[in-house]
Amino acid sequence: MTFVSDIHGTKYEVLPLARSVATERGQEIVDLHNSIPYQHWEIRHLLAERDDARIFHGKWAVSRIALDAEQRVAGFCIAFERTPDLPYYSEKCFYLHRLAIAMNRRGRGLGALLQAQTIVDVFLRGFSFVGTARDPVVIYGQTDSSPSNRNVLLFHRAVGFADVARKPYVDRTDVVMRADARSFWESRHVAFWRSHRVIEES
């Protein structure tokens with residue numbers, strides 16, 4: 001089991017977000033997800049294995065969920081293996097798809113810890129679907145480039161992401177971001193994660 005402790009010393013258990021967990025806790029996870037501005041998921045979106053453009057390879061092995069001491073969902077990070085998709089994703093990668101933290105847990109460092117733990121586990125695991133465990137791992141994500149989203153952009157840069165492209169939509173333009181092993185392991189969020197892991201005595 002993996003545990004992390006936020007800046008107030010509150011401990012969370014970080015577990016794989018298996019499909020069975022997502023099914024059992026679906027409404028709780030969806031409600032948390034929909035606290036993100038402009039997001040309107042239903043349970044079917046959470047449980048989807050693909051969308052119109054891509055397959056969510058390895059989603060249930062790679063994604064993580066954080067539970068508090070009362071076993072309530074404090075946050076989740078959904079990721080998957082992604083095949084190359086020109087022009088914005090020119091290499092196979094792990095893609096960070098969704099990250100959400102409960103309103104009453106925000107501002108405590110849990111988002112940084114959960115994101116970092118998810119990526120650490122990705123580097124330890126390696127590819128299973130779009131490559132092999134020996135292939136170099138890179139992480140991609142994207143988010144709104146508007147000034148109102150500045151704090152989110154800074155958050156992702158603090159875990160080693162660098163801007164690599166702009167992806168236009170009808171109503172916005174997203175920043176496509178990339179992190180490799182060096183930028184991740186040298187990042188501020190990893191330093192924070194190292195100091196806030198909870199080592200359980202056996």
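In the set 94, 161, which member is surrounded by 19 or more Cβ atoms within 10 Å (Cβ to Cβ), without any contact (Cβ under 8 Å) to a residue 60 or more places away in the chain, out of contact with any Gly (no Cβ under 8 Å at 6 or more places or on another chain) and not aliphatic (A, V, I, L, M)?
On the way: 161 fails: out of contact with any Gly (no Cβ under 8 Å at 6 or more places or on another chain).
Being surrounded by 19 or more Cβ atoms within 10 Å (Cβ to Cβ), without any contact (Cβ under 8 Å) to a residue 60 or more places away in the chain, out of contact with any Gly (no Cβ under 8 Å at 6 or more places or on another chain) and not aliphatic (A, V, I, L, M) holds for just one of 94, 161, which is 94.
Which of (1) in a helix (DSSP H, G or I); (2) without any contact (Cβ under 8 Å) to a residue 40 or more places away in the chain does residue 121 not meet, given it meets every other one?
Against the list (1) in a helix (DSSP H, G or I); (2) without any contact (Cβ under 8 Å) to a residue 40 or more places away in the chain, residue 121 comes up short only on (2).
In the set 190, 159, 175, which member is in a loop (DSSP other than H, G, I, E, B) and hydrophobic (A, V, I, L, M, F, W, C)? It would help to see each step written out before you state the result.
Details: 190 fails: in a loop (DSSP other than H, G, I, E, B); 175 fails: in a loop (DSSP other than H, G, I, E, B).
After ruling out the rest, the residue left standing is 159.
Out of 35, 63, which single residue is in contact with a strand residue (DSSP E or B) (Cβ under 7 Å, 6 or more places away or on another chain) and in contact (Cβ under 8 Å) with a residue 60 or more places away in the chain? Before the answer, list the steps.
On the way: 63 fails: in contact (Cβ under 8 Å) with a residue 60 or more places away in the chain.
Testing whether each residue is in contact with a strand residue (DSSP E or B) (Cβ under 7 Å, 6 or more places away or on another chain) and in contact (Cβ under 8 Å) with a residue 60 or more places away in the chain leaves just 35.
Can you say whether residue 152 is more than 22 Å from residue 2 (Cα to Cα), part of a helix (DSSP H, G or I) and not small (Gly, Ala, Ser), as far as the supplied structure shows? So that I can check it myself, show each step before the final result.
Values: more than 22 Å from residue 2 (Cα to Cα): yes; part of a helix (DSSP H, G or I): yes; not small (Gly, Ala, Ser): yes.
So residue 152 passes the test.
Looking at 153, 110, 99, which is the one that is surrounded by 14 or more Cβ atoms within 10 Å (Cβ to Cβ), in contact with a Cys (Cβ under 6 Å, 6 or more places away or on another chain) and among the hydrophobic types (A, V, I, L, M, F, W, C)?
On the way: 153 fails: in contact with a Cys (Cβ under 6 Å, 6 or more places away or on another chain); 110 fails: in contact with a Cys (Cβ under 6 Å, 6 or more places away or on another chain).
Residue meeting the stated conditions: 99.
Kindly indicate whether any position in region 190-202 is surrounded by fewer than 17 Cβ atoms within 10 Å (Cβ to Cβ), farther than 20 Å from residue 16 by Cβ and in contact (Cβ under 8 Å) with a residue 12 or more places away in the chain.
So far as region 190-202 goes, no, none of its residues is surrounded by fewer than 17 Cβ atoms within 10 Å (Cβ to Cβ), farther than 20 Å from residue 16 by Cβ and in contact (Cβ under 8 Å) with a residue 12 or more places away in the chain.
Suppose the filter is out of contact with any Lys or Arg (no Cβ under 6 Å at 6 or more places or on another chain) and either over 23 Å from residue 123 (Cα atoms) or among the polar types (S, T, N, Q) (or both); does residue 85 pass it? It would help to see each step written out before you state the result.
Numbers: out of contact with any Lys or Arg (no Cβ under 6 Å at 6 or more places or on another chain): yes; either over 23 Å from residue 123 (Cα atoms) or among the polar types (S, T, N, Q) (or both): no.
Taking the combined requirement at face value, the residue does not satisfy it.
Quick note: the coordinates plus some simple rules give every number you see, no bench work behind them. All figures in this text were calculated on a predicted structure; none of them were measured in a lab. Note: ideal-geometry Cβ built from the backbone for every residue, glycine included; neighbour counts use all protein chains shown.
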